1. Residue-wise, which Karplus ³J(HN,Hα) couplings in Hz belong to region 35-42, taking 6.51 cos²θ - 1.76 cosθ + 1.60, θ = phi - 60°, and x for glycine or proline?
2. To test your reading of the geometry: what angle, between 0 and 90 degrees and rounded to tens, separates the Cα axis of helix 4-14 from the longest principal axis of the chain?
3. Quick check on the chain: take the gyration tensor over C-alpha atoms, sort the square-rooted eigenvalues as a ≥ b ≥ c, and tell me if it's rounded (a/c under 1.5), prolate or oblate.
4. Kindly provide the helix-only [θ] at 222 nm of the chain, computed as the sum of -39,500 (n - 2.57) over DSSP H runs of four or more divided by all residues, to the nearest 500 deg cm²/dmol?
5. What do you reckon, how do 39, 362, 121 stack up by accessible area (1.4 Å probe), largest on top?
6. Let a ≥ b ≥ c be the square roots of the eigenvalues of the Cα gyration tensor of region 337-393; is it rounded (a/c under 1.5), or, if not, prolate (a/b larger than b/c) or oblate?
7. Can you compute the charge dipole magnitude of the chain about its Cα centre, using +1 on each Lys and Arg Cβ and -1 on each Asp and Glu Cβ, nothing else charged? Give it in debye, rounded to the nearest 20.
8. Gaussian network model of the chain, Cα springs within a sub-10 Å range: biggest mean-square fluctuation belongs to which of 187, 160, 361?
Amino acid sequence: MKSVDEHLAEILATVRPLAPLELELDQALGATLAEEVSSPVPLPPFDNSAMDGYAVRAEDVADVPVTLPVTDDVPAGSVELRAVGPGHTMRIMTGAPLPAGADAVVPVEWTDGGTVSVRISRTVSAGNAIRRAGEDVGAGEVVLKPGTLIGPAQLGIIAGVGRRRVLARPRPRVVVVSTGAELVEPGGQLAPGQIWESNSFTLTAAVREAGGEGFRGESVGDDPGVLLDRLDTHLMRADAIITSGGVSMGAYEPVKEALSPLGTVRFEKVAMQPGMPQGFGVLGEDEVPIFALPGNPVSSFVSFMLFVRPALDKMRGLPAGPPETVTARVTGPLRSPAGRRSFLRGVLAADRTVSPVHGQGSHQLAALASANALIVVPEDETEVPEGASVEVIAL
Ligand code: AMP
Ligand code: MG
């Protein structure tokens, strides 16, 4: 059997970062920057007021209280500015350019708010409440480096330096296809022998949570020909494909039957529980990666976390490796099969204890939904006593 680490290493050696594209700003959230972004101008571009108040010469408010005439209003966006003369003030708003002559702003809270003349009750020193040009960014200065993940604040600074588009690796488009003749769309009626299809919802959501664009393809039954046709269609728009089910040792295993003959997808046993049967390879001229995950709901989810998520990181141009773990103390005994790495479902608490949930079967989706962590038991351990230290993957 192949180890979990070997299987992940093979996947990471195969998948490649997506090619960068010019993305509009409203497409760029979650993309990975592939260029250096710099500012063509200083930011702020001009000296401006940090507060609503009065532009003054600091020397004119050295002795307070003092009453000074207000000669003008300077709202944000003002262009034609007169200078503030000695012994005078102007009412100024946050973000408005500082008029010549003034060297400080007195916040409106320290005044009587007058519009013809203003009584100022506190002194200020030169530079008070002024935001200097270039204080945030100098002209030509780099604000973001390649490899940066674009979140809300990064989008903000890209727009803030005046850019409309940015060169970035897009979020990978991943199509999810469930297989199984027994599956019925949720919302429909169950006939004998049928179950409601759930994996495609889990996996599509997991793709989105991992920074990809998840598309839920229509489920297919157990006919390998139908599956191949469907995959052919999806290949046109997918950066990766995930299938669920149909990869085990039984008969009616459509994914294995359809893809094995192609020679580009391998089906193997990986030394883990749940999720032993795994398929991985590439499809089509563009060598689109395909992850053929086992059908049991817990198995497919665990497989996603261990193998697909790191692959998506790599496709996004981000550092990619096995899921991070934290150390916790287990509140009950654990069992694990010899020679396989177990990923048991547990509830990780703030005090760094982890409690295994009731129901560790790979079909027990409700138990998975009650958990927030996977407890990792190494291949060579078959029993873990209560109170032992374990590694845990937080979900
Ligand atoms: P398979 O890997 O196709 O042999 O499926 C293993 C088990 O998982 C069977 O009990 C299936 O009914 C169940 N299963 C497979 N695919 C799904 C799915 N998309 N949603 C829920 N259960 C599934
Ligand atoms: Mg099946």
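The values are calculated or read from the model by the stated rules, or taken from the named source; none is laboratory data. In this text, all values refer to a predicted model and were calculated from it rather than measured experimentally. Please note: Cβ atoms are built from the backbone with ideal geometry, for glycine as well, and neighbour counts cover all protein chains shown. Only protein heavy atoms, including side chains, enter the accessible area calculation; ligands, DNA and RNA are left aside. Shrake-Rupley method; radii C 1.70, N 1.55, O 1.52, S 1.80 Å.
1. Listing the rounded values in order: 9, 8, 10, 10, 9, x, 10, x Hz.
2. 60 degrees
3. In terms of gyration-tensor shape, prolate.
4. -4500 deg cm²/dmol
5. 121, 362, 39
6. Note, shape of region 337-393 comes out oblate.
7. With Lys and Arg at +1 and Asp and Glu at -1, about 220 debye.
8. 187
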